[in-house]
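Reading through the structure tokens given below for one structure.
The values are calculated or read from the model by the stated rules, or taken from the named source; none is laboratory data. These numbers come from a predicted model, not from an experiment. Cβ placement follows ideal geometry from the backbone for every residue including glycine, while neighbour counts extend to all protein chains displayed.
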Amino acid sequence: MMLMIVCGTTLMNVGLILTPVSIYQMSRGALVLWVGILSVMFLRRHLYLYQWTSLCIAVLGVCLVGLSGSLVKKSVNEGPLEGLIRIATSDDDPAKVALGVVLILFAQNFTACQYVVEEKIMTRYKVEPLVSTTQVKVQELMIGCCNLGRILWPNHHPYRHALSTLLFQRPISLL
């Protein structure tokens, strides 16, 4: 469960770096389609025609928003790895936006899997929502403390220096 949260959040944040905020927020609307498909596949839910129609309309809107920000003016004949490296390092904004939208849509799969697994757990084991949320947040806190411990470990001097600069230097702490 935590792996899905970490992968989904990381990919969405990388996608946010590469896309404008408006396109990022609209691209997150594709989550309903992934949750709908996975609910039918794994939870054996039945969606009616009007529900499928509304999902398709929502995804069409997401596609239009993603397309509007990622219209590429030129095509390049190169391999996929070279193309991704060129897109990520270039100043060509439409290509960066296209890569960001793809990453956001891929991240939505992780988030949709998380939602479906949570729903399966909640219906099968009759777990109180507050208890489940508390357990997840405690796990996230423990992972965050472990990562902070790694940063503050003596062998990671650049990270320690950056953290102490951020927290204790007067000009930065005033922000």
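Checked against (1) among the hydroxyl-bearing types (Ser, Thr, Tyr); (2) under 23 Å from the mean Cα position of the chain (by Cα); (3) at pLDDT 75 or above, residue 89 passes all but a single condition, namely (3). Those residues that are in a helix (DSSP H, G or I) and aromatic (Phe, Trp, Tyr), I need them from region 7-48; list them, please. Residues satisfying the conditions are 24, 34, 42.
For region 1-58, the candidate set comprises residues that are closer than 14 Å to residue 112 by Cα and aromatic (Phe, Trp, Tyr); within that set, the residue that is surrounded by the most Cβ atoms within 10 Å (Cβ to Cβ) is 34. Kindly evaluate residue 31 against the criterion of being under 24 Å from residue 12 (Cα atoms), free of Cβ contacts under 8 Å to residues at least 40 places away in the same chain and of a type outside the set (D, E, K, R). Considered against the rule, which asks whether it is under 24 Å from residue 12 (Cα atoms), free of Cβ contacts under 8 Å to residues at least 40 places away in the same chain and of a type outside the set (D, E, K, R), residue 31 comes out as no.
Only residues that are at pLDDT 65 or above and either of a type outside the set (Ser, Thr, Tyr) or part of a loop (DSSP other than H, G, I, E, B) (or both) were counted across region 130-175, and they come to 30. Every listed requirement among (1) at pLDDT 90 or above; (2) more than 22 Å from the chain's Cα centre (by Cα); (3) small (Gly, Ala, Ser) is met by residue 36 save one, (2).
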